[in-house]
Structure formats: structure tokens, C-alpha cells
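Comments concern the structure below.
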């Protein structure tokens, strides 16, 4: 062990009470807290974005293929077109596409117990993949289809059920808007499931039933659909796959990404990235100020020691190494404890959900956690790099200390 590392160890690990030892402990704690907050910030933002996106994509897919309608809104009833197995197979076999399924929507009103709710009836067929929607079901289960006619089952949201004061198994009268001056058509349907996504735009709007009912009400053909909803395997490749699908559809059809249909939600989610970076920058600045202050205090407190060692002939390089070793100790221990604290709290939140959120505002009952390991590695490497820059200070300060003034310093 060199003289510099020996002296640094004696200062850091001195069992007797000393100001330097207290400063080192405070610096380690501050470093650990900064690293932990940065880890939690990235995990919380990623968890929030992944959870909200997952709910949106699970309910509506990633890409919609519909009949082209100029200036079509997100909730416009689709124009019908015949199911196209050739187009469906071509899209389905694109690398990165998970599956696609037909759907149709129709505006309607539900009346029950003196309450009225305006809704969008989303029609699906017997081959609908319920795996995505099943996790949102609070009561009941999927629709029951039959071969002879359309299913009379519907799935409504928990919000709609509470607003109309109905429960699982109750009958409902649904009035379908026909348009063009025609009176609404009423159908008596049965509640077979109740879902909750916690996304207000969905829960207040959609009920799910048989696409066959829409075909009957709209006088469509038996193979007519309103569109396809396409699911991708990796949401990070959505933009690329959307362009490929858009180029595949014929001129009379249109393909739109779900990001185009609900831009406000995705703009809001993108804003969270800026919040994440703001937290990282602030905590990096705090950590940098913490280390600079620590170095200045340590050198100031040990000015007499520096003067004596200089008088005894120790070169500036060895003197500088004393404080570099102390800073390295603070850095390594602080980063390690910060990782333990940050990842530990993230794991506890992931398992228990002890930190609750107002579900109406954040679309989830508890803060979601998602660990992206490349970000954790980046935080550790970035913290190490920023702290390393501060090690220039001991070189500048120690080289300017003269033995005579340092020995007299009090």
C-alpha cells in the first residue's frame, strides 16, 4: 500500500470522531440518494409509459386499417368493406406483426334505471383474441357466440355499470343511432362482462359486442367489416411497421397508427421523457455540487497536514492522490448504496404497490415500475464520469498550497 492510500484510509476509516469522517459519510449518503432518485425516476417514468401504452394498445391495437374517409375523427363510424383475406394474410406475415382482427363500431345509447349513457358499440367476431382484453375484466368473461345468429351478450365498463346502476347478468336496452333521419333501433342485450381500463376516454365510451349485430343493423353483407386492428410484437418498431402497412393497403383503404388517432395521450406520454431528463440533470448537478463541496472541505480541514507533508518533501502528485483516493471511496460506496436503495425501493413498489396514485388522473391505482437496465448502467457510468471531472480540483488546490502558510493555517 502506498503512502497516499494509507493516509487516505486513515482519514476515512478513523474510528475516533473527526470532522473529515463525518463529511465523508454525508457525501456518501448524498451520492447514494442522488443515484437512487435517478434510478427511481427512470423506473417510474418507464413504468408509467409502458402501462398506459399497454392499455391503449391492448384495447385498440397499434394500427387501424379502414375504408378511406376524408377528415375522419377517432370515433367516426366506419364505412363497410368486404373482409379481405389476401390483404389480412399479407399484413399478418410481415416481420414484427403479431396478429390482426376485424372490428366495427356503431354509435348507441343505453337506457336503464332512469339513466342514459352515450356509448360506442365495438363489434368483434368469434375469432377475437381475448388475451389482451381479459386482464381488464373485473367481472364475467368474453362474449358467447352462436352459429345461428348474432350474440346478445355485451361487455360494458365499470363506469357505465355504476352510472346506470346495473350489474353482471342484467338486461339492457341499447338504442343504435341509424343516421340519415332514421329512428334509433333498439336491441335488448345481456351484460356478460364488466371491464375497467382506468382510461377515461375508453371507460366512458366503449361497450363490446358481436360484429354480427352491427351487420344486421346496418344492412351489411355477412363478410363486411369496419376495419382491421393490427397488433405489433415490439412497440418500438411501430412507426416502421406502420409505414410498411400503409404502403400495402390499396388506395380505397387507409391505415392509421393509434398515435394519430389519440395524439393527445401520446404527446402527454412523450412529455414524461422531458420530466425524466429534468430530474436526471437536477440530481447530477446536486451530486456534482456535493462532491466539489466535499473536496473543498476535506482539503481545507487538512491544510495543516498538507503543509507538513510538503515540508517533509512529499510531491504534489502524492498529496493529490490522498484526496483522489478519498473521492474514489465516496464515489464507489455512494454509487453502490444508491443502486441498492434505488433498485430495492423499485422492487418493493413492483411487488407491493405501496405507493398509490389517483387512478382517475394517472390511469393506474399504483405507481408502475419498469427497469430498463441500459438506463441504470447509463446512470452509473454518467455519475462516475461527472464525479471524475471533479478530481481536477485537488490538483489545482494542492499545488497552490505553500508549506509555511499551510502550517500556520488554523
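If the requirement is being in a helix (DSSP H, G or I) and surrounded by fewer than 14 Cβ atoms within 10 Å (Cβ to Cβ), which of these qualifies: 167, 162?
Values: 167 fails: in a helix (DSSP H, G or I).
The match here is 162.
Output yes when any residue across the stretch 79-93 is crowded, with 18+ Cβ neighbours inside 10 Å, without any contact (Cβ under 8 Å) to a residue 12 or more places away in the chain and more than 28 Å from residue 373 (Cα to Cα), and no when none is.
yes
Identify all residues within the stretch 41-66 that are crowded, with 22+ Cβ neighbours inside 10 Å and within 28 Å of residue 81 (Cα to Cα); write none if there are none.
Within the stretch 41-66, 56, 61, 62, 63, 64, 65, 66 qualify.
Any residue in the stretch 24-36 that is part of a helix (DSSP H, G or I), more than 29 Å from the chain's Cα centre (by Cα), at pLDDT below 80 and more than 17 Å from residue 123 (Cα to Cα)?
Here is the first cut: in the stretch 24-36, the ones part of a helix (DSSP H, G or I) are 24-36.
Imposing the further condition that a residue be more than 29 Å from the chain's Cα centre (by Cα) reduces the set to 24-28.
Going one step further and asking which of them are at pLDDT below 80, we end up with 24.
Applying the additional criterion that residues be more than 17 Å from residue 123 (Cα to Cα) yields 24.
Yes, the stretch 24-36 contains a residue that is part of a helix (DSSP H, G or I), more than 29 Å from the chain's Cα centre (by Cα), at pLDDT below 80 and more than 17 Å from residue 123 (Cα to Cα).
Going by what's in this entry, would residue 237 be described as in a helix (DSSP H, G or I), modelled with pLDDT of 90 or more and either assigned by TED's automatic domain parsing to the domain that holds residue 49 or over 23 Å from residue 136 (Cα atoms) (or both)?
Values: in a helix (DSSP H, G or I): yes; modelled with pLDDT of 90 or more: no; either assigned by TED's automatic domain parsing to the domain that holds residue 49 or over 23 Å from residue 136 (Cα atoms) (or both): yes.
Considered against the rule, which asks whether it is in a helix (DSSP H, G or I), modelled with pLDDT of 90 or more and either assigned by TED's automatic domain parsing to the domain that holds residue 49 or over 23 Å from residue 136 (Cα atoms) (or both), residue 237 comes out as no.
Could you run through the stretch 139-159 and say how many residues are in contact with a helix residue (DSSP H, G or I) (Cβ under 6 Å, 6 or more places away or on another chain) and not in a helix (DSSP H, G or I)?
Summing the residues that are in contact with a helix residue (DSSP H, G or I) (Cβ under 6 Å, 6 or more places away or on another chain) and not in a helix (DSSP H, G or I) in the stretch 139-159 gives 2.
Considering every residue within the stretch 136-147, establish whether at least one is buried (at least 20 other Cβ atoms within 10 Å of the Cβ) and within 25 Å of residue 230 (Cβ to Cβ). Spell out the reasoning first.
First, the residues of the stretch 136-147 that are buried (at least 20 other Cβ atoms within 10 Å of the Cβ): 136, 143.
Next, from what is left, pick out any that are within 25 Å of residue 230 (Cβ to Cβ): 136, 143.
For the stretch 136-147, residues buried (at least 20 other Cβ atoms within 10 Å of the Cβ) and within 25 Å of residue 230 (Cβ to Cβ): present.
Which condition from (1) surrounded by fewer than 17 Cβ atoms within 10 Å (Cβ to Cβ); (2) closer than 19 Å to residue 165 by Cα; (3) in contact (Cβ under 8 Å) with a residue 24 or more places away in the chain is the one that residue 108 breaks?
If we test residue 108 against (1) surrounded by fewer than 17 Cβ atoms within 10 Å (Cβ to Cβ); (2) closer than 19 Å to residue 165 by Cα; (3) in contact (Cβ under 8 Å) with a residue 24 or more places away in the chain, just (1) comes out false.
Kindly indicate which of 265, 282 is assigned to a helix (DSSP H, G or I) and free of Cβ contacts under 8 Å to residues at least 24 places away in the same chain.
Numbers: 265 fails: free of Cβ contacts under 8 Å to residues at least 24 places away in the same chain.
Just a single option satisfies the conditions, and that option is 282.
Tell me which of these residue 386 doesn't satisfy, since it passes every other one: (1) at pLDDT below 75; (2) surrounded by 15 or more Cβ atoms within 10 Å (Cβ to Cβ); (3) in a helix (DSSP H, G or I).
Exception for residue 386: condition (1).
Within the stretch 269-276, identify whether any single residue is within 28 Å of the chain's Cα centre (by Cα), over 23 Å from residue 61 (Cα atoms) and crowded, with 17+ Cβ neighbours inside 10 Å, and answer yes or no.
Looking for residues that are within 28 Å of the chain's Cα centre (by Cα), over 23 Å from residue 61 (Cα atoms) and crowded, with 17+ Cβ neighbours inside 10 Å, one finds at least one in the stretch 269-276, hence yes.
Is the stretch 213-231 home to any residue that is at pLDDT 90 or above, in a loop (DSSP other than H, G, I, E, B) and closer than 20 Å to residue 61 by Cα?
Checking the stretch 213-231: at least one residue is at pLDDT 90 or above, in a loop (DSSP other than H, G, I, E, B) and closer than 20 Å to residue 61 by Cα.
Give me the pairs: first residue in the stretch 232-246 and touching a residue at least 60 places away in the same chain (Cβ under 8 Å), second residue assigned to a helix (DSSP H, G or I), beta-carbon distance under 6 Å, and six or more apart or on different chains, which are they?
That search, which allows pairs on different chains as well, returns 232/238; 232/241; 245/91.
Can you find, within the stretch 341-370, the residue that is farthest from residue 23 (Cα to Cα) among those that are in contact (Cβ under 8 Å) with a residue 60 or more places away in the chain and surrounded by fewer than 16 Cβ atoms within 10 Å (Cβ to Cβ)?
The selected residue is 360.
Of all residues in the stretch 240-262, how many are buried (at least 18 other Cβ atoms within 10 Å of the Cβ) and assigned to a helix (DSSP H, G or I)?
So the count comes out to 5.
I want to confirm something. Restricting to the stretch 170-203 and keeping residues that are closer than 30 Å to residue 268 by Cβ and at pLDDT 90 or above, which single residue is surrounded by the fewest Cβ atoms within 10 Å (Cβ to Cβ)?
196
The values are calculated or read from the model by the stated rules, or taken from the named source; none is laboratory data. What you see is a predicted model; the values in this text were computed from it and never measured. All Cβ positions, even for glycine, are placed from backbone atoms using ideal geometry, and neighbour counts span all protein chains on display.
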